[in-house]
Amino acid sequence: MTDHSLDIETSETAEEARDADAADTAVDDSPKRTVRERRGLPRVLRKVKVVPAILVLLLLISGGAAAWMYFNRFQPNQHTDPSVARAVVNAASDGTIAMLSYSPESLDKDFATAKSHLSGDFLLYYTQFTDQIVAPAAREKSLKTTAHVMGAGLSELHPDSAVVLVYVDQTTTSKDMPDPSMSASTVLVSMARVNARWLITKFDPI
């Protein structure tokens, strides 16, 4: 009986010793982990700080690119003579009115006036369109249209080209509808300098 008791006590004592060693190890190891964590903390902070630094760098680069695009593409607009800007807007407005105004009694004269404001492929297109579609319909139905520019402003301006935003109202009458009908539209009018004149090269309703 005594031997067995000693064995049990010895076994229990050994287990208690192992538990104590494990507890000591755990206690001793926690400061080490804390030290390691503390040593690693600045590295984490450095990584966190790197991200804003990269973002700032990207913002600076993108800001520099935007500034470059502005000064190289759009800044010439600011140095253009105001008289040139007015001439472009007036030319776009006059050409728009001429294109959209015609009467069956004076079609040839009206179309000739409109063509004097046009250039390039658009002149060829307008000539074909009016000869084949507009003129026959205008004569048959006694179509009469009158255009009024309500407002116009520069969208782009370069030494030899420009784009003008034009707001236009058009009044139309015919023998079938003698009461005037009105329509409003907004048009991007592309211009080109040809022999010291600003002429329409594109006419895009938006």
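Report the full-extension gain for the segment S183 to Q132: residue separation times 0.36 nm, less the Cα-Cα distance, to one decimal in nm.
Details: separation 51, 0.36 × 51 = 18.36 nm, distance 2.32 nm.
Here the segment from S183 to Q132 would lengthen by 16.0 nm.
How far apart, in nanometres, would the label points at R139 and K202 be if each is projected 7 angstrom from Cα along the Cα-to-Cβ direction?
3.4
Is region 126-202 best put as rounded, prolate or oblate by its Cα gyration tensor, with a ≥ b ≥ c the root eigenvalues, rounded for a/c under 1.5, and otherwise prolate when a/b is larger than b/c, oblate when not?
Working: a/c = 3.87, a/b = 1.75, b/c = 2.21.
Oblate shape, in that a/c is at least 1.5 and b/c is the bigger or equal ratio.
With label points built 7 Å along Cα→Cβ from the Cα atoms of H148 and L124, find their separation and express it in nm.
Label at H148, label at L124, 3.7 nm between them.
Could you check the spin-label model distance between S106 and R86? Points 7 Å from the Cα along Cα→Cβ, value in nm.
2.7
Report the local net charge at P178: Lys and Arg +1, Asp and Glu -1, summed over other residues whose C-beta lies under 15 Å from its C-beta. Don't skip to the end; give the middle numbers.
On the way: positive: K141, K144, K175; negative: D176, D179.
Once all neighbours under 15 Å are counted, the net charge is +1.
Counting other C-beta atoms within 10 Å, and keeping those with at most 16, which DSSP coil trypsin sites (Lys or Arg not before Pro) do you find in region 153-206? Don't jump to the answer; show the numbers that get you there.
Working: sites: K175, R193, R197, K202; in loops: K175.
Of the trypsin sites (Lys or Arg not before Pro), the ones in loops of region 153-206 whose Cβ has at most 16 other Cβ atoms within 10 Å are K175.
FYI, it's all coordinate maths here, none of it is from the lab. Note that this is a predicted model, so its numbers are computed, not measured. Neighbour counts are summed over all protein chains in view; Cβ atoms, including those assigned to glycine, are modelled from backbone coordinates with ideal geometry.
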